[in-house]
Every structure is written in C-alpha cells, then in structure tokens.
Ligand code: TYC
C-alpha cells in the first residue's frame, strides 16, 4: 500500500493553499443572417426552419426582421457550433446560387 494516506494531512506542517479551479463558461456567439436584394424570402425561411430549428411562424418573423432591419439573429451557440452553422448555411446558399450571407460575432 502507498504510504500517502489521502485522508491524512501529508503537508508536513506547510501551509498549503487549495487549488482553486477556475471554470469559466465558454464564450457564446450569435449566428446572424444579413439582408440582400436577391435571395428569395422562402429560401431564407427554409434556412431558418432546416438549420435553426424554428417553426414556420418564427422563421417568417426572423426573415422579415432581417429584410427590414438588415440583420437578424438566428441563434446563439458555442464557437464550434456557430462556425459549423455559418459554414453549412453559406455552402447551402451557394449550392442554390443565392448570395445570402451568414456570419457570427461574440454575444
Ligand atoms: N430582401 C430579400 C428579398 O426581398 C429577402 C431576404 C430576407 C434576403 C432575409 C436575405 O437574410 C435575408 N427577396
């Protein structure tokens, strides 16, 4: 058996400070759609339902918000998830010959 007893004071009288675990929440990122004059509204709604889990009504609201304000938030995610969403949406839009732009920024 080891002579280190985890339940015994093994610091030989030294003042030993407990390690303070520094756990921070990971930063979150907003994934956003930008307005343009060419992408059909239906296609934007399809993006929001397929890739951001919105129902038709919510997707239409967000699409109209982007259409009128120029930008709108699709969701907030950790960095890896946000980056993946941005790539998937931009690839999908290019595949369908639409200029729709998806970007992200720290929340
Ligand atoms: N402005 C586009 C149109 O009138 C619709 C649109 C909405 C495009 C949202 C992009 O992110 C967007 N067809």
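Just a few scattered comments:
- Residue, nearest to residue 85 (Cα to Cα), within segment 20-33, restricted to residues that are more than 8 Å from the ligand (Cβ to nearest atom) and surrounded by 11 or more Cβ atoms within 10 Å (Cβ to Cβ): 31
- Residue tally, condition more than 10 Å from the ligand (Cβ to nearest atom) and either assigned to a helix (DSSP H, G or I) or in contact with a strand residue (DSSP E or B) (Cβ under 9 Å, 6 or more places away or on another chain) (or both), over segment 90-105: 8
- Tabulated pairs, segment 74-95, first within 17 Å of residue 53 (Cα to Cα), second surrounded by fewer than 13 Cβ atoms within 10 Å (Cβ to Cβ), C-beta under 6 angstrom, 6+ apart or interchain: 76/107; 78/26
- Residue list for segment 34-68, restricted to those being within 10 Å of the ligand (Cβ to nearest atom) and in a loop (DSSP other than H, G, I, E, B): 35, 36, 37, 38, 39, 40
- Out of 68, 84, 76, 60, one residue alone is under 16 Å from the mean Cα position of the chain (by Cα), at pLDDT 95 or above and more than 14 Å from residue 32 (Cβ to Cβ). It is 84.
The values are calculated or read from the model by the stated rules, or taken from the named source; none is laboratory data. Quick caveat: nothing in here was measured; it's all calculated off a predicted structure. Note that we place each Cβ from the backbone using ideal geometry, even for glycine, and neighbour counts take in every protein chain shown.
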